[in-house]
1. Restricted to region 301-330, and to residues that are aliphatic (A, V, I, L, M) and assigned to a loop (DSSP other than H, G, I, E, B), which residue is farthest from residue 386 (Cα to Cα)?
2. What pairs come out if I take residues in region 48-65 that are within 12 Å of residue 342 (Cα to Cα) and pair them with residues that are modelled with pLDDT of 95 or more and surrounded by fewer than 14 Cβ atoms within 10 Å (Cβ to Cβ) whose C-beta lies under 8 Å away, six or more apart or interchain?
3. Does residue 171 fit the bill of being under 13 Å from the mean Cα position of the chain (by Cα), surrounded by 17 or more Cβ atoms within 10 Å (Cβ to Cβ) and closer than 16 Å to residue 349 by Cα?
4. Filter region 156-168 for residues that are at pLDDT below 95 and either within 10 Å of the chain's Cα centre (by Cα) or part of a strand (DSSP E or B) (or both) and give the result.
5. It is to be established whether one or more residues within region 377-399 are outside the structural domain of residue 159 (by TED's automatic domain parsing), touching a residue at least 60 places away in the same chain (Cβ under 8 Å) and touching a His at 6+ places or on another chain (Cβ under 8 Å).
6. If residue 417 passes every condition in (1) touching a residue at least 60 places away in the same chain (Cβ under 8 Å); (2) crowded, with 19+ Cβ neighbours inside 10 Å; (3) assigned to a helix (DSSP H, G or I) but one, which one does it miss?
7. List, please: which pairs have Cβ atoms under 8 Å, are six or more places apart or on different chains, and start with a residue in region 128-150 that is among the β-branched types (Val, Ile, Thr) and end with one that is modelled with pLDDT under 95?
8. Does region 209-230 contain any residue that is assigned to a helix (DSSP H, G or I), open to solvent by 10 Å² or more (accessible area, probe 1.4 Å) and closer than 18 Å to residue 426 by Cα?
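The values are calculated or read from the model by the stated rules, or taken from the named source; none is laboratory data. All values derive from a computational prediction rather than experimental measurement. Quick reminder, even Gly has a Cβ in these numbers, built from the backbone with ideal geometry, and neighbours come from all protein chains shown. To get the accessible areas, we keep the full protein, side chains included, count just its heavy atoms, and leave off ligands, DNA and RNA. Shrake-Rupley method; radii C 1.70, N 1.55, O 1.52, S 1.80 Å.
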Amino acid sequence: MTVNKPASSPKRALGKKRAASLAGCAATVLLTMTACGGGTAGTTAKDGFAQAPQKDGALTVWVDATRMDAAKLYQRQHPDVKLDIVSYDGDANGSNYLQTKVQLFNRTHKGWPDVVFSSQNNEASWAVDAGFAAPLDKGLVARSTLGQFARGANDVCTVKGTLYCLRNDLSQAVLWYNAPLLKRFGYTVPTTWEEFQALGEKVAKEHPGYLVGDAGDSFTPEIYLWASKCGANHITGPKAVSVNTTGESCTRMAKLMDALIENKSMSTSGVFSTDFGKNEADKVLLMPGPAWYGGALFKGTFKAPAKQIAAAPVPQWQGETSPSTGNVGGGTWLLSQHSTHIKAATDFLKWVTTDDAYQGAKAPGFPAYAPAAETWLKGQDASGYFAGDLSALKAASSQVWPGWGSGRFSQEAIWAATVKPGLTQGKSVVSMLPAWQDSIVKYAESNGYKVSQ
């Protein structure tokens, strides 16, 4: 086993030239029935795609830092498998590192990893056209296995009815809170956003310095705006998107955020920043956030003591009859059409997404594979770390609002470039909603999307 890092720096987004290149690549795939960037010599049509000649050798797996433990565990449990583990950024914050490298590999006809993890849920939107992602439901992965993933979990992996990746974990947002602190302050968990805002205003007056949320991360809109059913990112077709950031569903949440940012009960530092960790981590009373906040953030980064952190459903707007929440990441696993180790790659892919050894017992987030999720929840309860059970996570797993899609462009990159700098300068979220919309439209159009507003 070797662990190494690719050296190149990623670009932030695909431009028109790159999009055109990928579109041309897709045409090549359709015409030749071979993977883009590869040749026809020696290929065999099987499992829904033209497979390269198979051979012995190391299986190359790309993972981010968090999934490194999964790859190493697989290696320990499968000592006969030759594994070359490569560490990369996982396309974090929409870096587009993977697609940039795939373009290079397609030009040089070499270098593709066999299996790759991405922290993004939109990789299938370009990886299919690029001839990189292999179809998984044409023979590689049994229907009986696919049927046990959570409802809707693999929708982001499905292109024109064919499955091209497997979801790693579900990152549905819930309301994390400090149970003993909330009790000591004499507060109750808010069930509506109106109650949430009122509590934030009360905290600012009665316990200044304590927090009910954070708006400083690039994934902020995926927690708050997505949960509010903001129509900023509705993918309506393979290359079509509807964008409206100034409707009531967006402005109501923006106003809530502005009020709490102004009274300083909502931070703008970003939960993974040094400033937050040093000055605010122990001041968190409430924190809307994804399922992985429990283990990765509170237990891991913040080192919060046991029996302190609990989870409740994300608040809903008064009068809403259909509960909705957002989603931050979750990640996907893709298998390369160019792999010369299809059997080994498929075995790894199935193990890393479904096996209890990792997903049930070790994964930091809520597994997308339902049987592993049950094991994971039991393990979390048995650990004695959380102040109560995590049933809110299971309920929220089926409440992610479907009106926020996974297009080729990264909403995290757009928010980071457009809104986050304004927050730092003291601008209100409401005032930046039009600029956010303009930026989304430009990103979408540069990636070949037809935009309706």
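1. Applying the filter and picking the extreme gives 328.
2. Sorted first by the residue in region 48-65, then by its partner, the pairs are 49/138; 54/343.
3. In short, no.
4. Result: 158, 159.
5. No, there is no match, as no residue in region 377-399 is outside the structural domain of residue 159 (by TED's automatic domain parsing), touching a residue at least 60 places away in the same chain (Cβ under 8 Å) and touching a His at 6+ places or on another chain (Cβ under 8 Å).
6. (2) is the only condition that residue 417 fails.
7. 128/26; 128/159
8. Within region 209-230, none of the residues are assigned to a helix (DSSP H, G or I), open to solvent by 10 Å² or more (accessible area, probe 1.4 Å) and closer than 18 Å to residue 426 by Cα.
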